[in-house]
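Please read the structure below before turning to the comments.
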Amino acid sequence: QVQLIESGGGLVQTGGSLRLSCATSDRSFSSYDMSWFRLAPEKEREFVASIRWSGSNIDYSGSAKGRFTISRDNAKNTVYLQMNSLKPEDTAVYYCYARRGDYPSPYYSETWGQGTLVTVSS
């Protein structure tokens, strides 16, 4: 399993921007599809965005579309989430998620990062 380290969270005012990063030292990073999820207080975990291992097939949740941009740099083993026009309802712990293959293939692997807190003040 790759080990993922998120960074870039913090406190920002409504309308502001943040860029989250999720990095690993594992050279197999480029074989993983990557996603961002978030968990807000008293809510269920919510999908935010995903990007395939090749950088294609990008997908966003309805709340993220038009405001957030997911990207990856396989040379740096890092996936990013650029968040613009932030709203108080974006306040959550953001987690990156890596997945490769399908269970029970021996190629299958998945892992979560430890999360980074984003707080948007009104």
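Could you give every pair whose Cβ atoms fall below 8 Å, whose first residue belongs to the range 1-22 and is touching a residue at least 60 places away in the same chain (Cβ under 8 Å), and whose second residue is in a loop (DSSP other than H, G, I, E, B) and of a type in the set (D, E, K, R), counting only separations of at least 6 or pairs across chains?
2/26; 3/26; 14/87
For residue 30, which of the numbered conditions (1) under 14 Å from the mean Cα position of the chain (by Cα); (2) more than 20 Å from residue 121 (Cβ to Cβ); (3) open to solvent by 30 Å² or more (accessible area, probe 1.4 Å) fails to hold?
Unmet condition: (1).
Examine the range 95-118 for a residue that is in contact with a helix residue (DSSP H, G or I) (Cβ under 7 Å, 6 or more places away or on another chain), aliphatic (A, V, I, L, M) and in a strand (DSSP E or B), and state whether such a residue exists.
yes
Looking at 21, 109, 54, which is the one that is within 23 Å of residue 3 (Cα to Cα) and modelled with pLDDT of 95 or more?
Of 21, 109, 54, the one residue that is within 23 Å of residue 3 (Cα to Cα) and modelled with pLDDT of 95 or more is 21.
Cβ-Cβ below 7 Å, separation at least six or inter-chain, first residue in the range 86-115 and under 19 Å from residue 65 (Cβ atoms), second basic (Lys, Arg) and open to solvent by 20 Å² or more (accessible area, probe 1.4 Å): which pairs?
Pairs that qualify, where the first residue is under 19 Å from residue 65 (Cβ atoms) and the partner is basic (Lys, Arg) and open to solvent by 20 Å² or more (accessible area, probe 1.4 Å): there are none.
Which ones in the range 89-103 are among the acidic types (Asp, Glu) and open to solvent by 30 Å² or more (accessible area, probe 1.4 Å)?
Selection gives 89, 102.
Among 20, 86, which is the only one that is crowded, with 21+ Cβ neighbours inside 10 Å and outside any strand (DSSP E or B)?
On inspection, the qualifying residue turns out to be 86.
Matching residues to (1) of a type in the set (Val, Ile, Thr); (2) out of contact with any Lys or Arg (no Cβ under 7 Å at 6 or more places or on another chain); (3) open to solvent by 60 Å² or more (accessible area, probe 1.4 Å):
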| residue | (1), (2), (3) |
| --- | --- |
| 43 | no, yes, yes |
| 62 | no, yes, yes |
| 69 | yes, yes, yes |
| 105 | no, yes, no |
| 117 | no, yes, yes |
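Identify all residues within the range 37-73 that are of a type in the set (Asp, Glu) and in contact (Cβ under 8 Å) with a residue 24 or more places away in the chain; write none if there are none.
Just the residues of the range 37-73 that are of a type in the set (Asp, Glu), to begin with: 42, 44, 46, 59, 73.
The answer is 46, and nothing else.
The values are calculated or read from the model by the stated rules, or taken from the named source; none is laboratory data. Not measured: the values here are computed from a predicted model. Cβ coordinates were reconstructed from backbone atoms using ideal geometry, including for glycine residues, and neighbour counts include every protein chain displayed. Quick note on the areas: whole protein, heavy atoms, side chains included, nothing else; ligands and nucleic acids left out. Shrake-Rupley method; radii C 1.70, N 1.55, O 1.52, S 1.80 Å.
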